[in-house]
Amino acid sequence: MASAWRCVTSLTVEERLDVLSLLDRTEVLVGREAIDEGRRRAVVHGWRAQHWLYYVEGSLIKYAMATGDELATVEMCGGDYEEELLSHLLAAHEVVDWWTRGPQSCQYARGDVIRMLQLLRITLPVPLEAVPEGAVLRNFEPHRDEAAWLEQNNAAFANHPEQGAWRQHDLDERTEEPWFDPSGFLLLEIDGRIAASCWTKVHELHPDRFGEIYVVSVHPDFQHHHLGRVMVTQGLNILYRKGVADAVLFVDESNEPARKLYDSLGFHLEREDRLVRFIRS
């Protein structure tokens, strides 16, 4: 029997609307994001990717996006895993890295977990860590701070698979989104340099209207001075002042210093997402 899955590299207007509708319905059903923010953005803007569509009687009931050539990274709407789709992907790619979200993380039949992300949540407010004497805490200023922030952030995440190689266009994509608010993007300057930053986000359209520590980082030249605690608590304070009751963040399970910091502030584990690697046999 022929598979109902088909792959296109560019969505038609109708397909794009079908995918967005499926993502929205799934988010209501599971109570969280249906797919990674970057992948949703690719759908919204009509960017090219490997869009996997599964229609039944004219209705889209499954969707996945894959990127990459020999090594493909894939995520399915809802964070699911499916053997049939994996077979299609392995026919086209030597290696497939598959993001599974929450309970689905344990449902794959084969493959090796190569990375785990933890979603942590905290109730606001939290005690505020004071800004060090001589340091300046201010808001990110568009068209002024991009280059300096990229240098600071990329240095802090030099060995990170996603965060450590941002370019101007990566930053522009996000600052041009409707949710971007520079009042929630904090920079800490020491001796005229950006030493640390905390970029926050309010999920205004979510029924619970929660906040997120979107990106937090400390330049290697300024580490070991508790600036991470300063920036996280200052960012959480910004969210609280905007009327947010809860905030979340993602952290790599392997990042023990960051996990210890978040545990000491009162964050608790809400979900674990796994990146599972499958290799063509």
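The helix-based estimate of mean residue ellipticity at 222 nm for the chain, built from -39,500 (n - 2.57) per DSSP H run of four or more residues and divided by its residue count, is -8500 deg cm²/dmol to the nearest 500. The distance from the alpha carbon centre of region 216-271 to that of region 183-202 is 13 Å, rounded to a whole number. Rounded to the nearest angstrom and listed largest first, the equivalent-ellipsoid semi-axes of region 121-272 from its Cα gyration tensor are 21, 19, 16. Springs join every pair of Cα atoms under 10 Å in this Gaussian network model of the chain, and among ASP97, ASP112, ASP246 the largest mean-square fluctuation is at ASP112.
List the aspartates and glutamates whose Cα lies under 17 Å from the Cα of LYS201, skipping any in the same chain that are fewer than 8 positions away. Leaving aside aspartates and glutamates fewer than 8 places away in the same chain, those within reach of LYS201 are GLU33, ASP36, GLU37, GLU141, ASP170, ASP172, GLU173, GLU176, GLU177, ASP181, GLU212, ASP246. With a Förster radius of 25 Å applied to the C-beta separation of ASP221 and ASN139, the computed FRET efficiency comes to 0.65.
Here the extension length gained between GLU84 and GLU270 equals 64.0 nm, from 0.36 nm per residue of separation less the Cα-Cα distance. For region 61-132, GluC sites (Glu not before Pro) are listed when DSSP marks them as loop and at most 13 other Cβ atoms sit within 10 Å of their Cβ; the list is GLU70, GLU94.
For region 79-181, trypsin sites (Lys or Arg not before Pro) are listed when DSSP marks them as loop and at most 16 other Cβ atoms sit within 10 Å of their Cβ; the list is ARG110, ARG144, ARG167. Dipole size of the chain about its Cα centre, with +1 on Lys/Arg Cβ and -1 on Asp/Glu Cβ: approximately 320 debye, rounded to the nearest 20.
Efficiency by 1/(1 + (r/R0)^6): what FRET value for ILE279 and ARG41, r their Cβ-Cβ distance, R0 = 41 Å, to the nearest 0.05? That gives a FRET efficiency of 0.90. Modelled spin labels at VAL13 and GLU189, positioned 7 Å past Cα toward Cβ, are 4.7 nm from each other. State the percent of C-alpha pairs, over all pairs in the chain, separated by a distance greater than 22 angstrom. Within the chain, distances greater than 22 Å cover 62 percent of Cα pairs. Measure nothing fancy, just the Cα-based angle from helix 227-241's long axis to the longest principal axis of the chain, in degrees from 0 to 90, nearest 10. The answer is roughly 80 degrees.
Each value in this text was obtained by applying a stated rule to the coordinates, not by laboratory testing. Please read these numbers as outputs of a predicted model, since none were measured by experiment. Note that we place each Cβ from the backbone using ideal geometry, even for glycine, and neighbour counts take in every protein chain shown.
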